[in-house]
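Asker: Here it is: the structure, laid out below.
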Amino acid sequence: MITAPFAPSEMPTGPAKSTWSRVSALHVVIITLSLAMTIGAWQFSKYQIDTRTQARFDVARDRTIGLIKNGMQKYEDTLWAGASTMNSHNDAMTRAQWHNFAGTLRIDERYPGINGIGVIHFLTAETLPAYLQAQRGERPGFAIFPAHDQSIHMPITYIEPEETNAAAVGLDVAHELNRRTAALASRDTGTAQITGPITLVQDAGNTPGFLFYVPFYANKDHNHSAHRPQDVLGAIYAPFVVRNLMAGLLAKELRTLRFSITDAGAAIYDEHGAQDQLNDPNPMYSDRVVLNLYGREWVLDLRTNLAFRAQNTFAQPTVVLFGGLIIELLIIAMLVMMSRANAHTIAYADRVTATLREEKHRLALTNEELEQFAYIASHDLKTPIRGISGLTEMIREDLEEYLETPEADPEIAQNLDRIDARVTRMIELTRGIMEFSRVGDFEFAPEPLSLPEAVETLVSDFALRPGQIELHSEVEAIHVDAFNLRRVLENLIGNAIKHHDGVRPLKIIISVIQTEGILRLAVTDNGPGIDPQFHNRVFEVFQTLREAEAPESTGIGLAIVKKLVERLGGTITLDSDPGMGATFSFDWPAQNDGHGLPLLEKAA
């Protein structure tokens with residue numbers, strides 16, 4: 001600040017330099033804080049996008065693994081169905097009978113990726129001659145090959161479709177280590193097993209494959225491991241070429257992930273080749289997952305492809321960074337210009353005071369005003385700096401601000417809540433459950449469940465009118481394994497809706513009776529009813545009583561219900577007659593204090 005006039009030769013420099021030093025330090029602080037805020041906004045935006053992208057990769061990875069597991073479970077169920085059919089024929093099916101059974105499976109339509117389904121018999125040196133005599137009675141040219149020095153023989157007796165698998169008929173799987181090891185493991189454990197990598201004799205391409213076994217026994221009660229080697233009659237098996245299996249389970253063109261599979265260090269499947277047009281040599285995300293499948297460890301190497309990169313590349317962090325840097329440059333330019341203007345003003349005032357002492361007071365006031373202007377202008381620059389953070393606000397936050405206003409439509413908040421709830425539930429069924437194959441894989445803790453709210457949700461989920469589902473209950477709130485109970489109710493109600501004949505308006509009644517530690521629930525509909533002769537059949541997997549013009553059904557929903565209920569030791573019953581509707585009744589564990597979930601006593 002100028003306080004006295006001086007001639008040009010007597011111009012003071014100390015005070016002016018001191019003022020300039022103070023202004024420059026303030027400017028540096030402002031610029032530093034502004035730059036820190038810009039970098040922070042950029043990092044926060046980048047973190048949010050990286051988190052969302054990682055979540056998308058996790059979902060795609062888990063979905064791929066789930067499809068593989070569920071597909072293998074579906075094939076296992078088919079093999080067990082073959083074993084049950086063999087047992088129902090007293091373990092002595094003819095070639096024609098096996099051909100008819102395999103035809104009912106519609107392998108080409110319902111089981112993509114499978115080469116066929118066949119029967120292997122386990123023979124000793126004593127039982128081999130009688131076996132050969134019986135087989136040559138149907139097929140005079142039948143022979144077992146190749147020769148080997150093992151004490152047991154495991155020839156392939158039947159395989160359908162035979163025309164594409166003829167080279168495998170008579171093959172003794174005991175001749176080769178991987179085939180033999182898995183077959184014996186299946187025999188001794190009574191469980192499904194797959195072999196290590198092999199090449200199928202019927203595969204002209206000589207690509208990696210494997211065999212899938214389930215055993216069948218002369219003694220139907222084969223729970224005692226010591227009796228299995230003596231009681232075993234053979235195995236139902238399916239041959240697989242891995243590339244055909246994966247093509248059937250996972251549509252490659254619809255995926256944003258590519259993966260390879262190794263078994264005991266040997267590559268049996270690989271999508272990472274450069275010939276893939278969507279191959280990403282530097283994937284955004286990758287992971288290695290070990291799958292324990294039927295006695296083998298498959299190591300999956302999953303990587304994102306170019307389609308994933310295209311769908312998950314965002315410019316928002318870059319826009320935030322460059323926008324912040326541009327504002328930084330504008331701030332610096334303004335501060336430099338202001339500093340120069342201030343310096344020029346002081347210099348001009350010094351020159352004027354040399355000749356115009358009488359304007360001392362005016363010049364002093366002018367100088368002070370200029371300093372105040374510099375400070376205020378610098379202070380007001382914080383406003384555009386705060387605007388930087390607005391670039392990182394998410395759409396959800398903007399919507400929340402709108403919802404706080406008086407004119408906000410309350411249905412928007414309700415719909416957002418419903419969307420959040422539905423998204424949360426869908427996740428839970430995609431990881432954690434495949435439907436039938438995965439029932440029992442996870443334990444769920446008990447939680448409070450409001451029955452009226454659950455019914456309201458069911459009405460909304462199935463797009464029904466209010467009152468089409470009625471609740472008759474002694475209690476409103478229960479403490480149960482709510483997740484799986486909802487699954488049971490959804491399947492039963494969905495089944496009632498799907499098979500309703502439309503003769504009268506749909507009406508479903510959910511009844512709940514609570515006793516000590518146990519709920520007795522019933523779902524009653526007014527549909528066409530079910531003949532008593534089919535009451536047991538409806539609970540079997542892949543069984544449906546669909547009429548020709550009725551909606552398509554997988555025949556698995558009621559099997560899922562039965563397995564869920566019986567997993568907790570309960571029972572489910574059906575009470576129905578044609579034209580009288582149907583009532584499904586079942587038990588479910590419950591308690592009132594919320595300190596644990598007492599399971600029902602398991603059935604033997």
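Any read-out appearing in this document is the output of simple, stated calculations on the displayed coordinates, not a laboratory observation. Only a predicted model underlies this, so the values are computations on that prediction, with no experimental measurement involved. Here Cβ is always computed from backbone atoms with ideal geometry, including for glycine, and neighbour counts include all displayed protein chains.
Asker: If we count other beta carbons within 10 Å of each Cβ, what is the order of Ile39, Ile30, Ile236, Ile493, fewest first? Write down the numbers at each step before the final one.
Answerer: Values: Ile39 14, Ile30 18, Ile236 26, Ile493 22.
Exposure proxy ranking, most exposed first: Ile39, Ile30, Ile493, Ile236.
Asker: Further, regarding this structure: Could you list log10 I(q)/I(0) for the stretch 251-311 at q = 0.21 Å⁻¹, which the Debye formula gives when each Cα is one point scatterer?
Answerer: One equal scatterer on each Cα of the stretch 251-311 leads to -0.81.
Asker: Going by a ≥ b ≥ c, the root eigenvalues of the Cα gyration tensor, does the stretch 89-247 fall in the rounded group (a/c under 1.5), the prolate group (a/b larger than b/c) or the oblate group?
Answerer: On the way: a/c = 1.33, a/b = 1.22, b/c = 1.08.
The shape class here is rounded.
Asker: How high is the relative contact order of the stretch 251-311, in percent, with contacts defined as C-alpha pairs under 8 Å that are six or more residues apart? Write out the running numbers ahead of the final one.
Answerer: Numbers: 97 pairs, mean separation 24.1, N = 61.
With pairs under 8 Å counted, the relative contact order is 39 percent.
Asker: Related question: Using 1/(1 + (r/R0)^6) with R0 = 56 angstrom and r between the beta carbons of Asp461 and Asn282, what's the FRET efficiency to the nearest 0.05?
Answerer: On the way: r = 43 Å, r/R0 = 0.76.
FRET efficiency, Asp461 to Asn282: 0.85.
Asker: OK, next. Within 10 Å of each candidate Cβ there may be at most 12 other Cβ atoms; applying that plus a DSSP loop requirement, which trypsin sites (Lys or Arg not before Pro) in the stretch 157-248 survive? All intermediate terms of the calculation are to be shown ahead of the outcome.
Answerer: Working: sites: Arg179, Arg180, Arg187, Lys220, Arg243; in loops: Lys220.
Hits after loop and neighbour filter: Lys220.
Asker: At a Förster radius of 25 Å, what calculated FRET efficiency corresponds to the Cβ-Cβ distance of Thr124 and Gln97, to the nearest 0.05?
Answerer: On the way: r = 25 Å, r/R0 = 0.99.
About 0.50, to the nearest 0.05.
Asker: Using a 10 Å cut-off around each Cβ, can you sort Val503, Val299 from fewest to most neighbouring Cβ atoms?
Answerer: Values: Val503 9, Val299 15.
Least crowded to most crowded, the residues run Val503, Val299.
Asker: Work out the FRET efficiency for Lys507 and Glu404 from their Cβ-Cβ distance, taking R0 = 30 Å, and round it to the nearest 0.05.
Answerer: Details: r = 42 Å, r/R0 = 1.40.
Given R0 = 30 Å and the Cβ-Cβ separation, E is 0.10.
Asker: Distance in nm between label sites at Ile49 and Ala167, each 7 Å beyond Cα in the beta-carbon direction?
Answerer: So the two model labels end up 5.2 nm from each other.
Asker: Fewest Cβ neighbours within 10 Å first, please rank Arg504, Arg258, Arg537 accordingly.
Answerer: With the fewest neighbours first, Arg504, Arg258, Arg537 line up as Arg504, Arg537, Arg258.
Asker: Here's another thing I want to ask about it. Quick check on the stretch 168-240: take the gyration tensor over C-alpha atoms, sort the square-rooted eigenvalues as a ≥ b ≥ c, and tell me if it's rounded (a/c under 1.5), prolate or oblate.
Answerer: Verdict is prolate for the stretch 168-240.
Asker: Still on this model: Work out, step by step, the length gained on full extension between Ala226 and Gln133: first 0.36 nm times the residue separation, then minus their alpha carbon distance; give nm to one decimal.
Answerer: Result: 30.5 nm gained on full extension.
Asker: Next question, about the same structure. Taking 0.36 nm per residue of sequence separation and subtracting the Cα-Cα distance, how much length would be gained by fully extending the chain between Ser339 and Leu26, in nm to one decimal?
Answerer: Values: separation 313, 0.36 × 313 = 112.68 nm, distance 1.15 nm.
Between Ser339 and Leu26, full extension yields an extra 111.5 nm.
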